[in-house]
Amino acid sequence: MKLGELYCSRCSARLPFRYQDMKCDCGGTLLVAYDLEQVAKTLTKESLQLRYSSMWRYRELLPVRDPANMISLGEGWTPLLRMPNWENKLPLKQLWIKREEQNPTGSFKSRGFAVAVSLLKQAGATKAAVPSNGNAAGALAAYAGRAGIQAFVFIPMDCPSLIVDECPLYGATTVLVDGFIHDAAAIIESGRVEQGWVNLGTLKEPGRVEGKKTMGLELAEQLGWTFPDVIIYPTGGGSGIIGMWKSFLELKALGFIDCDMPRFVCVQEEGCQPIVDGVKKASSKTAAAENAQHLSSVGKIIPNPTGMRVPNPPDLELLLSIVEQSGGTAIAVSKEQIAAATLSLGADGISSSPEGAATWAAMLALCDSGWLRPSDRVVLFNTSHAMKYAKLGTSAAIPIIKTYDEFMVYRNL
Ligand SMILES: Cc1ncc(COP(=O)(O)O)c(C=O)c1O
Ligand SMILES: [Zn+2]
């Protein structure tokens, strides 16, 4: 099958496939179109049963054609963990956590970069750059390393240091930027032509949305070809929301599923909440960007949910329309709520990034407000691992002992 065309998510225009510049003349985002009749010939519920546990099991719905160009580190097919104890305590029917922290780079970003870097390989590109709040940088670094492509990552300086430190280990040229993610993006745009970089920023190319789309495909398959009622997702640039929405439309068009779309809930951090403001129609993009300047970046013990810190999502309009069409909502949570949620999940054995924990905090708030209903089947996305956000030295309160007696002294203090 040949590579599909692109279509505009706003005006529906069709264009030939391209690797860069995903903006239509109307300002809408261009997405990959597939010949679904052709796809349906080999992608069936039965054929999937024989395929290996990887996001590449949906290869007909991914834009990489030659297996030699598929750059894989074992991403996808992450567990969907049921939370039965909480189902008994909370006013909802079923609760699941999609454990995206189990991807090869410790975050869901593995999915998008597996496809984006595969497309680079397919196009014969040699250098790629990304502005990133951390996890995308690590993922580009790892997948580019695997593909033999040079990676350049530009990371706001308040991002978790372990995530930053990992990038050079994968061989990426790594710099910290004194500013926000859009400042990092501006630096890449300034040097893109001179340096010969392909910009893999959010919605700058088609691969990242297509890769993240597999979260939705997997979720539907893991739930026995149904959709949950509600998806709660920590949202920054929003490519995960766009990707999952697209995946559900494709599954419906293929006739795999015939039920209502899930209600999408975008979770953001208080103080950087353009989607929440957009849903409330209370604030403009500029106001949201100004808002973000007030965010504290020096949390000593409570790590920052930097992945959600995107003051200007590249296609806010599309995100708002998905939330609205699905009957969803957007909600902001505080650092304190995130810290408490991290401990709740930890007590259940789940290592969650602040962004993942934010979905737990949001779920509790939506139970309290009655927005979540007792009949709802709810899925939360734990997008990354707590360890990536660990701050070295903050465990100073943990005692060091040599004997059991010393342990008892410590216990009795
Ligand atoms: C851990 C984590 N969660 C959520 C997000 C936001 O994801 P999206 O870009 O799909 O909105 C990011 C983005 O950097 C992230 O690193
Ligand atoms: Zn258009």
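The values are calculated or read from the model by the stated rules, or taken from the named source; none is laboratory data. Predicted, not measured: the structure shown is a model, and the values here were computed from it. Positions of Cβ are backbone-derived with ideal geometry, glycine not excepted, and every protein chain shown enters the neighbour counts. Please note that ligands, DNA and RNA were not included when accessible areas were found on the heavy atoms of the full protein model with its side chains. Shrake-Rupley method; radii C 1.70, N 1.55, O 1.52, S 1.80 Å.
Could you check segment 44-75 and list, in sequence order, the residues that are assigned to a loop (DSSP other than H, G, I, E, B) and crowded, with 20+ Cβ neighbours inside 10 Å? Talk me through it step by step, then tell me what you get.
Just the residues of segment 44-75 that are assigned to a loop (DSSP other than H, G, I, E, B), to begin with: 44, 50-54, 62-66, 70-75.
Result: LEU62, PRO63, VAL64, ILE71, GLU75.
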task: Tell me which residues, restricted to segment 35-68, are aromatic (Phe, Trp, Tyr) and closer than 18 Å to PRO206 by Cβ.
output: TRP56, TYR58
- prompt: Does GLU406 qualify as being charged (D, E, K, R) and closer than 28 Å to PRO131 by Cβ?
  reply: no
field: Wholly enclosed helices (runs of 4 or more DSSP H) of segment 125-204 bearing at least 3 residues open to solvent by less than 20 Å² (accessible area, probe 1.4 Å) and among the small types (Gly, Ala, Ser)
entry: 135-147
query: When the residues of segment 1-12 are filtered to those that are surrounded by 14 or more Cβ atoms within 10 Å (Cβ to Cβ) and of a type in the set (Gly, Ala, Ser), which remaining residue is nearest to ALA123 (Cα to Cα)?
result: GLY4
message: Show the residue pairs meeting these rules: Cβ distance below 6 Å; 6+ apart or different chains; first residue within segment 23-38 and assigned to a loop (DSSP other than H, G, I, E, B); second residue open to solvent by 10 Å² or more (accessible area, probe 1.4 Å) and within 16 Å of ligand 1 (Cβ to nearest atom).
response: GLY28/SER9
message: For a quick check of your reading of the model, give me the residue pairs whose first member lies in segment 1-20 and is under 22 Å from GLU37 (Cβ atoms) and within 16 Å of ligand 1 (Cβ to nearest atom), whose second is assigned to a loop (DSSP other than H, G, I, E, B) and at pLDDT 95 or above, with beta-carbon atoms closer than 9 Å and at least 6 apart or on different chains.
response: SER9/CYS24; SER9/GLY28; SER9/ASP315
- line: Only one of SER72, SER107 is under 22 Å from GLY238 (Cβ atoms) and modelled with pLDDT of 95 or more, namely SER107
message: If I ask for residues that are buried (at least 18 other Cβ atoms within 10 Å of the Cβ) and assigned to a strand (DSSP E or B), which ones from segment 82-105 would you list?
response: LEU95, TRP96, ILE97, LYS98, ARG99
Sole exception among (1) modelled with pLDDT under 95; (2) touching a Cys at 6+ places or on another chain (Cβ under 7 Å) for LEU30, by number: (1)
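Return the only residue of LYS45, LYS89, LYS93, LYS98 being without any contact (Cβ under 8 Å) to a residue 12 or more places away in the chain, on the phi < 0 side of the Ramachandran plot and of a type in the set (Lys, Arg).
Being without any contact (Cβ under 8 Å) to a residue 12 or more places away in the chain, on the phi < 0 side of the Ramachandran plot and of a type in the set (Lys, Arg) holds for just one of LYS45, LYS89, LYS93, LYS98, which is LYS89.
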- prompt: For segment 372-413, what are the residues that are of a type in the set (Gly, Ala, Ser) and either in contact with a Leu (Cβ under 8 Å, 6 or more places away or on another chain) or open to solvent by 50 Å² or more (accessible area, probe 1.4 Å) (or both)?
  reply: SER375, ALA390, GLY393, SER395, ALA396, ALA397
task: Among the numbered conditions (1) charged (D, E, K, R); (2) closer than 14 Å to LYS98 by Cβ; (3) surrounded by fewer than 24 Cβ atoms within 10 Å (Cβ to Cβ), tell me where ASP229 comes up short.
output: (2)
query: Could you list, in sequence order, the residues of segment 16-38 that are farther than 23 Å from PHE113 by Cα and either open to solvent by 40 Å² or more (accessible area, probe 1.4 Å) or more than 8 Å from ligand 2 (Cβ to nearest atom) (or both)?
result: ASP25, CYS26, ASP35, LEU36, GLU37, GLN38
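Take LEU90 and decide whether it is closer than 21 Å to ALA358 by Cα, more than 20 Å from the chain's Cα centre (by Cα) and among the aliphatic types (A, V, I, L, M).
On the way: closer than 21 Å to ALA358 by Cα: yes; more than 20 Å from the chain's Cα centre (by Cα): yes; among the aliphatic types (A, V, I, L, M): yes.
In short, yes.
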statement: Picking from GLY346, GLY327, the residue that is away from ligand 2 (no atom under 16 Å from the Cβ), under 21 Å from ALA365 (Cα atoms), in contact with a strand residue (DSSP E or B) (Cβ under 9 Å, 6 or more places away or on another chain) and at pLDDT 95 or above would be GLY327
task: Restrict the check to segment 302-324 and report whether at least one residue is exposed (fewer than 15 other Cβ atoms within 10 Å of the Cβ), modelled with pLDDT of 95 or more, more than 16 Å from ligand 2 (Cβ to nearest atom) and among the acidic types (Asp, Glu).
output: yes
- prompt: So how many residues does segment 220-244 have that are within 14 Å of the chain's Cα centre (by Cα), more than 16 Å from ligand 2 (Cβ to nearest atom), at negative phi and not polar (S, T, N, Q)?
  reply: 10
- prompt: Which one is least open to solvent (accessible area, probe 1.4 Å) among residues in segment 353-371 that are touching a strand residue (DSSP E or B) at 6+ places or on another chain (Cβ under 8 Å) and away from ligand 1 (no atom under 16 Å from the Cβ)?
  reply: LEU366
